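**Q** Can you keep this structure in mind? I'll have questions shortly.
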Amino acid sequence: MPLRILFAFLCGIVCFSACDDAAVVTPVVPTTDLKMTFKSTYDGSRMIKFKNYPYGSNNYPLQFNRFTLFLSDITLLKGTEETRLTESAYLDFTPDNASSDTSVLLNYTFQNVPEGTYTGIKMGYGVKPSDNGKNPADFPPSSPLYNDNEYWLGWKSYIFTKIEAQGDADINNQFDHFMIYHCGGNGVYKTFSFTQPIEVKSSAPALKVDFDLRKLFIMADGRYYNMVEDPATSNNKDSLRVANDIMSKFGNATSIAQ
Amino acid sequence: MMKYLYNTQRIWVTAASVMAICLINACNGSDPDPVVPTGDLLNIPYTPQSYTIVKPAHFPEIDVPASNPMTVEGVQLGRRLFYDPMLSADSTMSCSSCHLPAGSFTDNKAVSIGVDGISGQRSSMSLLNVAYANNGLFWDGRSPNLEDQALRPVEDPIEMHTTWTNVVEKLKRHKDYPTRFRKAFGISDRSEITKELAAKAMAQFERILISSGNSKYDRFVFKGETNLLDDEELDGFIMFNDDALNQGVNLPDAQCFHCHGGLINTGNKYFNNGLDSVSSLDDFKDVGRFIVTNNASDKGKFRAPTLRNIAMSAPYMHDGRFKTLKEVMDHYSRNGTGAANEDPFIRQIGYPIQGSNPIKYTGLTEYQKNALVKFLETLNDPEFVNNPDIQNPFQ
């Protein structure tokens, strides 16, 4: 990975020189790299798989074991002006090759971003409908949407997010209550915007995006989502309702800082 | 912006291959081979033809590494090497001894037996659609790609148990292979044959082991033949995909697609699917994925393999413990053993039992298990196993 970043950086230099040549005719806005770091947390600290986290009004222990999320059209905002950084990203915080249970930090470098101070950022949570109408056979191997593991043929949809956890809801040392929230389908695609000054210049620090899993499960009235009653999105006739509830809370669960 | 990212990626791959070429050159420069290269192959034309992998339109594109482009000559060479017993200690065993077309490129044994008659611990794996296995090869994923994987069986003591030095010597002295290496890779002299080139050729051959796309399943799901499945197969299909509510029928969820899903039924991810009852994660006989990640919670996890042609590749699981698909269904119907890292879906097969807390599941009835087996048989692809392009070229 670091080698790759270094290489992307070298490519950047090559491209910049190329751009300089072309810039003779039209003056170009200077551009630079924007780094973004995505993190998965629980109540502010980095999520660790199989670690006990307090859940529910009686603080029973809950352990996560999977968290993935697709984002679409990650876009910087400057007033009404929009600068799209990427059409799609697949965030796997618990990848198969992780050497520990700590959820991984996912670093992205977006190249050629016009320098300046932006006023905010907008992200689609899930796979936007125009892409979700396609499937992995429609994308090249380099695309996040090539990922066949995250495509649900039955729904004709990508699985926007997978959140899996096990809880000891009756506090008897048995983690036998499961939360399996796999959400997908155009109906539950959400877009959220965040107001936050974002500096794009070569010396600027990375933009940090945190997803706090706890906030994903706090309802409007402050209570926790009842995972005992709604353990899954797939085998429950209310599955759409549950998926919609979860996806709707991603706005609240996301914090942006630089 | 995205387009630009793709381009960067391509540049990266190209540069990597340029670097690889430089490295190969560097190696050649210091080649200790005492035989003075005479350029004995230079009079043979080197005009490789690029090979287009035939795949069903509804299958994803195949990710061919830029460092090993597909050529007709490369695939032909790889096919010969794959079927050639010259690659083993006593010239009795080839890759195809454990990966036979009739078994969808398995050996239909519980665990494979090497050239010395010693049994391994693991069951041979189907090579059907192995070009799509992009999350590590082997049951535990310890090999990153086909080029790396093809280097391993030759020297494995419980497989072909020889050395590459021996094999490469035999290839250099062979009456036919040097010409084929020239045609595939443009070497100018037989002394330039290496194990890496042999592995590249075998990898090229393995990348053409792709489904025909004409199984009953493909025709039903992707080709609009919506009346093709009988009631039992259709019930199996619905349970496999947890689709009963959608279809308005009364059938339980079998949860299979969560791990064996996607367009091509190749999961490629690692799970504990509830095979072993262990009191602690340290008690797994075969630690599986742990070998690669060294992460305790990966003990006893294995890669979910393709279910295409599964009826042809008995026995089942990494150690071949189940003889029939019916036994596999009996296993899944038990809802696991409760090991700490067991995947939660394994415990949720069947109907939820009303009033149970935590919710328990019924498992599957005999009819439902049979229907799942019948459905799995719709994944049979005889056209693939009979494809003349992938058979033993020496017969």
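The values are calculated or read from the model by the stated rules, or taken from the named source; none is laboratory data. Just so you know, these numbers come straight off a predicted model, no measurement behind them. Every residue, glycine among them, receives a Cβ derived from its backbone with ideal geometry; neighbour counts consider all protein chains shown.
**Q** Identify the residue in segment A:137-160 that is closer than 21 Å to A:R66 by Cα and in contact (Cβ under 8 Å) with a residue 40 or more places away in the chain and, among all such residues, is farthest from the other protein chains (Cβ to nearest Cβ).
**A** Checking each candidate, the answer is A:F160.
**Q** Given the structure, is B:E233 away from chain A (no Cβ under 14 Å) and buried (at least 20 other Cβ atoms within 10 Å of the Cβ)? Before the answer, list the steps.
**A** On the way: away from chain A (no Cβ under 14 Å): yes; buried (at least 20 other Cβ atoms within 10 Å of the Cβ): yes.
Yes.
**Q** For segment B:245-256, how many residues are farther than 17 Å from B:F322 by Cβ, buried (at least 18 other Cβ atoms within 10 Å of the Cβ) and either in contact with a helix residue (DSSP H, G or I) (Cβ under 6 Å, 6 or more places away or on another chain) or among the charged types (D, E, K, R) (or both)?
**A** Residues flagged as farther than 17 Å from B:F322 by Cβ, buried (at least 18 other Cβ atoms within 10 Å of the Cβ) and either in contact with a helix residue (DSSP H, G or I) (Cβ under 6 Å, 6 or more places away or on another chain) or among the charged types (D, E, K, R) (or both) within segment B:245-256 amount to 3.
**Q** With respect to B:D298, is the statement that it is within 29 Å of B:V130 (Cα to Cα), touching a helix residue (DSSP H, G or I) at 6+ places or on another chain (Cβ under 8 Å) and surrounded by fewer than 17 Cβ atoms within 10 Å (Cβ to Cβ) true?
**A** So B:D298 fails the test.
**Q** Which of the residues that make up segment B:248-284 are closer than 29 Å to B:Y132 by Cβ and more than 14 Å from chain A (Cβ to nearest Cβ)?
**A** Of everything in segment B:248-284, those that are closer than 29 Å to B:Y132 by Cβ and more than 14 Å from chain A (Cβ to nearest Cβ) turn out to be B:N273, B:L275, B:D276, B:F284.
**Q** For segment B:182-225, which residues satisfy the criterion of being of a type in the set (A, V, I, L, M, F, W, C) and outside any helix (DSSP H, G or I)?
**A** Of everything in segment B:182-225, those that are of a type in the set (A, V, I, L, M, F, W, C) and outside any helix (DSSP H, G or I) turn out to be B:I187, B:I193, B:I208, B:L209, B:I210.
**Q** Here's another thing I want to ask about it. Given the criteria in a helix (DSSP H, G or I), more than 14 Å from chain A (Cβ to nearest Cβ) and at pLDDT below 95, does B:M86 qualify? First the steps, then the outcome.
**A** On the way: in a helix (DSSP H, G or I): yes; more than 14 Å from chain A (Cβ to nearest Cβ): yes; at pLDDT below 95: yes.
The answer is yes for B:M86.
**Q** Looking for whichever is under 21 Å from B:N380 (Cα atoms), not β-branched (V, I, T) and not assigned by TED's automatic domain parsing to the domain that holds B:L100 here; the options are B:G300, B:G274, B:G262. Which one fits?
**A** Details: B:G300 fails: under 21 Å from B:N380 (Cα atoms); B:G274 fails: under 21 Å from B:N380 (Cα atoms).
None of the others qualify; the one that does is B:G262.
**Q** Out of segment A:170-180, which residues are touching a strand residue (DSSP E or B) at 6+ places or on another chain (Cβ under 7 Å) and within 11 Å of another protein chain (Cβ to nearest Cβ)?
**A** Result: A:F175, A:H177, A:F178, A:M179, A:I180.
**Q** Looking only at segment B:285-296, how many residues end up being within 14 Å of another protein chain (Cβ to nearest Cβ) and either touching a strand residue (DSSP E or B) at 6+ places or on another chain (Cβ under 8 Å) or without any contact (Cβ under 8 Å) to a residue 40 or more places away in the chain (or both)?
**A** Number of matching residues: 7.
**Q** Just for helices (runs of 4 or more DSSP H) wholly inside segment B:226-319: which have at least 1 residues that are among the aliphatic types (A, V, I, L, M) and modelled with pLDDT of 95 or more?
**A** Once the helices (runs of 4 or more DSSP H) in segment B:226-319 are filtered for at least 1 residues that are among the aliphatic types (A, V, I, L, M) and modelled with pLDDT of 95 or more, what remains is B:231-240, B:290-293.
**Q** Now a separate question. Condition first: under 30 Å from A:S143 (Cα atoms) and either more than 14 Å from every other protein chain (Cβ to nearest Cβ) or touching a strand residue (DSSP E or B) at 6+ places or on another chain (Cβ under 9 Å) (or both). Can you find one or more residues in segment B:151-168 that meet it?
**A** Yes, segment B:151-168 has at least one match.
**Q** Oh, and also: Against the conditions (1) on the phi > 0 side of the Ramachandran plot; (2) crowded, with 19+ Cβ neighbours inside 10 Å, where does B:M329 fall short? Just the number, please.
**A** So B:M329 meets the others, but not (1).
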